[in-house]
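Chemist: Dropping a structure here in structure tokens format, bear with me for questions.
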Amino acid sequence: MKYKVYSMALVCALLLTLAACQRTPAESPSPSPLAEEETTSTPASSPSAETTPTPEPTPAAEDGTRYFFAEGYFLGAWADGAWHSSDTEQFTVGEVFDRDYYDAWGETLNAARFYVGEGPGEFEDPKRAAGLLEPFGILEGDDFIMKLPGQLTGEAAQVNVPAYNFYVSFEGQPHYFVSNAVIPEPEWHTADGFLPDGAAAQALETIGITYDLSKLKRTAWACDIDGDGEEEILERIQTTRDDNGYAILARGEQCFYAFLLQDGDRVELVSSRVNDPEFGDDVTTHFAADTPQFRDLDGDGVCEIIFQEHCWEWGYYYAFSRTDGAWKQVLCSSYGM
């Protein structure tokens, strides 16, 4: 009898083990954004199209306002048919954070961390701001951590967001693009070639650049920016840099970058910056532009071009939009010291 009981117990255990082995494995969590790599041919800010479907657009705030961040830095908003840049507009903490936000793949962020300590360009009265916000979250050193939506009320909701160097880190991770609405990213890849030398040189001459193109750093990307079904070529041409990131310049030469867009037979200057050639040995005049991001922020069917400009211990995030046939800066956020 004992033998039969033990045998049946052994069979049951074996069946349970086999059943457990055949269970469907849990889905993997969404991948984290990757750091920028110039050599990659896939978007640095989104996972492979084969593994993650493109998120569908979702409504923004009830009034239609869309708030935008680039790598955690607040860029501004699109509301009432107009751009509102963080470097020129006054936003309140309640306005920006009394809602949830999405990462680049349409996942809700749930929580935000931002700096409320003392320093240049921070809150006008950091101690007062921290005191007002403390009941709505957790103070951790000079950082305030708040669950989203923030549900801020009273004076805490009216605290002005600093116009300079306002940084938000979601769940401790940098996010290449987040908003209060899911904004799909178009497919893009590293282009096989560059713009024709003659067209590129002519476009650079409009900003006073006459360098030998073979001595410059050239990188190009292909993307259907205007939604016409045909890929445009966006090329970044800038001063070559050494392994330490310093521009390789002879005395009197200019440090510069320029984004040029080829749309059919037309080449357009999207954005550029050129320094004073009398830079001497001042490293603070060195700057460079990062890999761009493409997003249709205002919903007009044409992608804005968003990129980071690195300076010496500070920099900017920009968004450029095509308006009346020309590219114009519409959003700007500074960061650093």
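Chemist: When a/c reaches 1.5 or more, the comparison of a/b and b/c decides; with that in mind, is the range 91-236 rounded, prolate or oblate per its Cα gyration tensor? Kindly include the intermediate steps, with their values, before the conclusion.
Modeler: Numbers: a/c = 3.40, a/b = 2.10, b/c = 1.62.
It comes out prolate by the Cα gyration axes.
Chemist: So if I place +1 on the C-beta of Lys and Arg and -1 on the C-beta of Asp and Glu, and nothing else carries charge, what would the dipole magnitude of the range 118-240 be about its Cα centre? I want it in debye, nearest 20.
Modeler: My answer is approximately 400 debye.
Chemist: Where a ≥ b ≥ c are the square roots of the eigenvalues of the C-alpha gyration tensor, would you call the range 117-160 rounded, which needs a/c under 1.5, or, failing that, prolate if a/b is larger than b/c, or oblate?
Modeler: Cα axes put the range 117-160 in the oblate bin.
Chemist: Taking a cut-off of 17 Å between Cα atoms, list the aspartates and glutamates near Lys217, but don't count ones fewer than 8 places away on the same chain.
Modeler: Lys217 reaches Glu36, Glu37, Glu38, Asp192, Asp197, Glu205, Glu235, Asp242, Asp243, Glu253, Asp290, Glu309.
Chemist: For the range 66-101 and the range 111-156, what is the separation of their Cα centres, given in Å?
Modeler: Computed from Cα coordinates, the inter-centre distance equals 17 Å.
Chemist: Rounded, prolate or oblate, given the Cα gyration tensor of the range 267-337, with a/c below 1.5 counting as rounded?
Modeler: prolate
Chemist: Next up: Taking only C-alpha pairs under 8 Å that are 6+ residues apart, what is the relative contact order of the range 66-179 in percent?
Modeler: Here the relative contact order equals 41 percent.
Chemist: What aspartates and glutamates does Lys328 reach when the alpha-carbon gap must be under 13 Å and sequence neighbours fewer than 8 apart in one chain are set aside?
Modeler: Lys328 reaches Glu268, Glu304.
Chemist: Taking the Cα centroid of the range 260-319 and of the range 203-225, what is the distance between the two, rounded to the nearest whole Å?
Modeler: The range 260-319 and the range 203-225 have Cα centres separated by 12 Å.
Chemist: Give the peptides 288-300, 256-268 in descending order of average Cβ contacts within 10 Å, highest first. Could you put the intermediate results ahead of the total?
Modeler: On the way: 288-300: 19.6, 256-268: 17.9.
Result, highest mean first: 288-300, 256-268.
The numbers here are math on the coordinates, done by the rules we state, and not lab data. The shown structure was predicted, so the numbers you read here are calculated from the model rather than taken from an experiment. Note that each Cβ is placed from the backbone with ideal geometry, even for glycine, and that neighbours are counted across all protein chains shown.
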